[in-house]
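The structure appears below as structure tokens.
The values are calculated or read from the model by the stated rules, or taken from the named source; none is laboratory data. The structure displayed is predicted, hence computed values, not measured ones. Positions of Cβ are generated from backbone atoms using ideal geometry, with glycine treated the same way; all protein chains shown enter the neighbour counts. For the accessible areas, the whole protein counts, side chains as well, though only heavy atoms, and no ligand, DNA or RNA atoms are used. Shrake-Rupley method; radii C 1.70, N 1.55, O 1.52, S 1.80 Å.
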Amino acid sequence: MRFFHVIAGFCALAAGPVLAEGPAFDCSKAESSAEEAVCASDDLAALDRELARLYGLAVNGPNMSEDRLKELRAYQRGWVKGRDECWKANQLETCIADEYALRIHDLRQGYADARAGDGASLGPFPYACEGLDALISVAFVNTGPARVVLKWRENALVLTQAESGSGARYVAGDAEFWTKGEEAMFTAPDGGSYSCAKDDMG
């Protein structure tokens, strides 16, 4: 998969105050720089809690079979390894946040039980864009700085919410996704601009 990893902003890791509410795992057993970063960041800890919630819903849901459970656990182990590779990135926290957002999208897309109940994420929803020959799968992650995950064909993009006069505007580098009701404007990293609408038939 082609992943547009665009820096949406830099947040320095603080060694500072203890979090009011940490991640879903035990920080005293953190084994990687990524886990240590999650334990040091309110934003990343919130993403970890939401991911753990969705994973638990999928694992324990009524639609889970033994074969699918084995597959899910294998994919989750692979995802953890990928997240831990963020130590190689120029911006550790941004890389980790993007990995969490992408995994949240995939859990919600792949497992109906993960979409049950209320939480900090929504979707994914299909958006049809004029001039783009594929639907965009759009998931919203509302933990700390709100994010949107866009996936279409072999592409994946994570954008962070920015100021806007109306609607909800998300940016990452030159890319932008601006939603107003059921409609959106999408500016792709390659500069293409598209008018989009949520596709109820998607």
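Data for the structure
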{"item": "Heavy-atom accessible area per residue - the chain, 1.4 Å, Å²", "result": "52"}
{"item": "Viscosity 0.890 mPa s, temperature 25 °C, Stokes-Einstein D of the chain from Kirkwood C-alpha radius, µm²/s", "result": "140"}
{"item": "Förster-model FRET efficiency, 35 Å R0, A24 and D190, C-beta, rounded to 0.05", "result": "0.45"}
{"item": "Kyte-Doolittle mean at least -1.0, axial Cα span of 18 Å or more - DSSP H helices of the chain", "result": "42-60, 92-110"}
{"item": "Net charge, S164 excluded, C-beta distance under 12 Å - Lys, Arg +1, Asp, Glu -1", "result": "0"}
{"item": "Listed peptides 161-169, 51-59, 84-92 by packing density, highest first (mean Cβ within 10 Å)", "result": "51-59, 84-92, 161-169"}
{"item": "Among A172, A184, Y194 the positive-end extreme of the charge dipole of region 142-202 (Cβ point charges)", "result": "A172"}
{"item": "Partner aspartates and glutamates for K70 [C-alpha distance under 17 Å; skip if fewer than 8 residues away on the same chain]", "result": "D106, D113"}
{"item": "Ranked by how many other beta carbons lie within 10 Å on average, peptides 61-67, 101-107, 121-127 from highest", "result": "101-107, 121-127, 61-67"}
{"item": "Cut-off 10 Å between beta-carbons: net charge of the residues surrounding L57, Lys and Arg +1, Asp and Glu -1", "result": "+2"}
{"item": "All lysines inside 23 Å of K88 as judged from Cα atoms, apart from same-chain residues fewer than 8 positions distant", "result": "K29"}
